[in-house]
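Here's the structure we're looking at; comments come further down.
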Amino acid sequence: MPNVTFKEQEQVLKYRTDTIHTDKHTKRFSHTTGPATCPLCGGSDSAPHILLRCNIHTLKRLHINRHNHAVSLCGEEISKGKLGSAFVTMDACNSEKLSDLNIETPDDIERNIPDWVFPTRQNLPTRHQSRPDGVLVMPIEGRGRHLDPKQIPPKDRDIHLVEFKFCSDINPQQTLETAHNQHQPLIQRLRTRSLRGISRNNQVTLHVILLGVGGTIYN
Ligand SMILES: [Zn+2]
């Protein structure tokens, strides 16, 4: 694990063995009772609280950076592979952040889902739209020859939405459900609705990649 510092490994081990310093531990070692509260936000303190839920600005920023880092690394790997030409957007493609991590910003990558991906003209402002971390558009097998996503007719598109989420290592289910609910309206809007049969419609699939904060990966 050359990219993981000793300090980071130490913290992961502490998390896994429930020895990260929290108010719960302070209470235990000082033999005091009462609810363990987060000294930063006043919420109920625990290791998952620090790593996932604490809403204080500094921690929120760390959580967002961790998410963007993961998205960047995954996006970088996907764009190098055979699905590279299908990439339409990658949300965490913040060029400043990527250059900090020595990752080059891929060309032609936009932050929002472009209008042409939707089968009909959109009249809802983009801020009402959920934004998955990645969007890939490829032809449905046997129904298209174009590899350029824009050239594929809407009904022949095989659209893949990618969402990365950090979650609890022991209880990922709720995060999975949240991700699916979050993008359901978008999935509906991306679907074509031919009355001439389902086989004439496009395909829209959401892939949720769950990363446990202690290093567990669900897929
Ligand atoms: Zn807190």
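The values are calculated or read from the model by the stated rules, or taken from the named source; none is laboratory data. Remember, predicted model here, so these are calculated numbers, not experimental data. We place every Cβ from the backbone using ideal geometry, glycine too, and count neighbours over all the protein chains shown.
Overview of values
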| item | result |
| --- | --- |
| K80 being modelled with pLDDT of 85 or more, crowded, with 16+ Cβ neighbours inside 10 Å and charged (D, E, K, R) | no |
| Filter result (closer than 17 Å to P139 by Cα and outside any helix (DSSP H, G or I)) within the range 195-219 | N201, N202, Q203, V204, T205, L206 |
| Subset tally (residues that are surrounded by 17 or more Cβ atoms within 10 Å (Cβ to Cβ) and closer than 25 Å to R16 by Cβ) for the range 167-186 | 6 |
| Residue that is out of contact with any Lys or Arg (no Cβ under 7 Å at 6 or more places or on another chain) and in a helix (DSSP H, G or I), where the choices are E163, E177 | E177 |
| Residues (farther than 28 Å from T120 by Cα, under 16 Å from the mean Cα position of the chain (by Cα) and without any contact (Cβ under 8 Å) to a residue 24 or more places away in the chain) located in the range 159-204 | Q173, Q174 |
| Matching helices (runs of 4 or more DSSP H) fully within the range 1-82 where at least 3 residues are more than 15 Å from G214 (Cβ to Cβ) and basic (K, R) | 23-29, 57-80 |
